[in-house]
Amino acid sequence: MNQLISTKHPVLVTGATGYVAGWLVKELLEAGVTVNAAVRDPRNAAKLRHLREIADSSPGTIRFFEADLLKPGSYAAAMKDCRIVFHTASPFTTRVANPQKELIDPALKGTRNILETAAVNSAVDRVVVTSSCAAIYTDAIDCRKAPGGVLNEDIWNTTASLSYQPYSYSKTLAEREAWKIADRQNRFKLVAVNPSLVIGPALNPAPTSESFNIVRQMGNGTMRLGAPKLGIGAVDVRDLARAHIAAGFAPDAQGRYIVSGHNTNILELGKTLVEKYGSAYPVPRKSVPKPMVWLLGPLMSGISRRFVTKNVDVKWRADNSRSKRDLGMTYRPLKMSMEDMFQQMIETGAFGK
């Protein structure tokens with residue numbers, strides 16, 4: 001992978017303290033790249049410590065810049081002289097009081113802000129946007145309408161809205177905006193990376209990704225009686241970082257890429273933990289029947305009955321062949337990703353033991 005990476009120019013990583021961005025920054029620094037890291041508060045030493053420590057033991061250099069997704073032009077200084085921009089900054093949570101303010105605005109306006117800045121920067125020749133499979137589908141049942149029952153990069157999410165799955169809606173709006181801006185100019189090439197559920201260990205000691213809330217329930221007793229067969233895809237965060245590198249540096253990378261290692265479900269994720277952790281932690285071993293999830297889901301975990309109907313006991317399938325062919329992707333085993341993630345969560349006290 002390192003021979004692919006040019007170290008001639010600095011690169012910009014937005015949302016540099018995030019879950020995915022941390023591993024991307026690590027790959028870049030270890031290859032000897034100068035990373036311009038855009039963050040909300042460069043004075044917050046605790047939040048930046050893990051990135052500084054990686055830089056201290058790497059040939060690359062990290063420089064921190066203050067930037068705000070909602071403040072037009074605030075990324076201009078961080079983008080100066082950068083040939084490649086990796087835009088990873090976007091909230092991933094399903095627990096929001098105000099979806100417009102907490103999800104849509106940062107995703108949509110932030111993407112517009114960064115791409116419009118890139119469009120007037122003569123140094124930038126490629127922008128890699130971290131989109132999501134959520135910009136392709138809302139519910140697992142959407143796979144049934146896809147060609148051969150399998151999601152591909154030609155498909156766009158048309159079923160999410162501000163009131164139903166607003167996170168998916170935010171990712172769809174943001175990626176569509178990115179392509180709109182990219183198509184209006186000829187300075188840079190846009191590449192979109194569309195991961196499924198991201199799993200695996202974090203470099204950030206206090207990750208906020210929704211993935212950790214799901215896995216926390218597998219170790220704290222919430223799923224001790226079982227887990228739903230809720231159809232999803234999954235990809236290791238370290239594999240996703242490598243996909244970003246290839247999307248940024250591979251000469252022929254173009255368009256959208258589904259980056260997903262496994263067609264799976266929530267129960268199968270939990271069952272990967274049984275062998276190593278089943279005797280010490282209440283990890284899920286069996287399926288919760290769909291009627292029970294439908295009945296109790298809204299009360300116990302806030303998921304709607306509409307969501308249960310369209311996702312539980314529904315298989316999720318996506319075609320990752322473009323990522324393998326163009327980006328050279330290979331994917332870690334699901335068990336390895338889950339065990340590494342769970343072990344780290346044990347060590348950081350995520351399960352209250």
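The values are calculated or read from the model by the stated rules, or taken from the named source; none is laboratory data. Keep in mind that what you see is a predicted model, and the values were worked out from it rather than measured. Every residue, glycine as well, gets a Cβ built from its backbone with ideal geometry; the counts of neighbours run over all protein chains shown. Remember, those area values only see protein heavy atoms, side chains included, never the ligands or the DNA or RNA. Shrake-Rupley method; radii C 1.70, N 1.55, O 1.52, S 1.80 Å.
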Scanning segment 19-38 residue by residue, those in contact with a Ser or Thr (Cβ under 6 Å, 6 or more places away or on another chain) and open to solvent by 10 Å² or more (accessible area, probe 1.4 Å) turn out to be 19, 20, 30, 32, 34
Can you tell which of 159, 117, 88 is hydroxyl-bearing (Ser, Thr, Tyr) and under 18 Å from the mean Cα position of the chain (by Cα)?
88
Note on residue 36: of the conditions (1) more than 25 Å from residue 107 (Cα to Cα); (2) polar (S, T, N, Q); (3) part of a strand (DSSP E or B), unmet is (1)
Just checking, does segment 47-59 include any residue being open to solvent by 50 Å² or more (accessible area, probe 1.4 Å), part of a loop (DSSP other than H, G, I, E, B) and over 18 Å from residue 245 (Cβ atoms)?
yes
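Residues that are among the hydrophobic types (A, V, I, L, M, F, W, C) and open to solvent by 20 Å² or more (accessible area, probe 1.4 Å): does segment 275-289 have at least one?
yes
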Just need a number here: residues in segment 72-97 that are part of a loop (DSSP other than H, G, I, E, B), open to solvent by 40 Å² or more (accessible area, probe 1.4 Å) and modelled with pLDDT of 80 or more.
6
Given the conditions (1) touching a strand residue (DSSP E or B) at 6+ places or on another chain (Cβ under 9 Å); (2) outside any loop (DSSP other than H, G, I, E, B); (3) open to solvent by less than 20 Å² (accessible area, probe 1.4 Å), every one holds for residue 113 apart from (1)
Unmet requirement for residue 128, which otherwise passes all of (1) open to solvent by 10 Å² or more (accessible area, probe 1.4 Å); (2) β-branched (Val, Ile, Thr); (3) in contact with a helix residue (DSSP H, G or I) (Cβ under 8 Å, 6 or more places away or on another chain)
(1)
Whichever residue in segment 313-353 is β-branched (Val, Ile, Thr) and more than 15 Å from residue 214 (Cα to Cα) and, among such residues, is least open to solvent (accessible area, probe 1.4 Å)
314
Single unsatisfied condition, residue 189 versus (1) touching a strand residue (DSSP E or B) at 6+ places or on another chain (Cβ under 6 Å); (2) open to solvent by less than 40 Å² (accessible area, probe 1.4 Å)
(2)
Counting only residues that are open to solvent by 10 Å² or more (accessible area, probe 1.4 Å) and either in contact with a strand residue (DSSP E or B) (Cβ under 8 Å, 6 or more places away or on another chain) or under 24 Å from residue 316 (Cα atoms) (or both), how many does segment 230-257 have?
8
For segment 147-162, name all the residues that are in contact (Cβ under 8 Å) with a residue 24 or more places away in the chain and part of a loop (DSSP other than H, G, I, E, B).
150, 152, 153, 160, 162
Give me the strands (runs of 3 or more DSSP E) completely within segment 188-303, filtered to those with at least 1 residues that are modelled with pLDDT of 95 or more, of a type in the set (Ser, Thr, Tyr) and in contact with a Lys or Arg (Cβ under 7 Å, 6 or more places away or on another chain), ordered by residue number.
255-259
Residues of segment 316-353 being over 19 Å from residue 192 (Cα atoms) and part of a loop (DSSP other than H, G, I, E, B), which ones?
316, 317, 332, 333, 348, 349, 350, 351, 352, 353
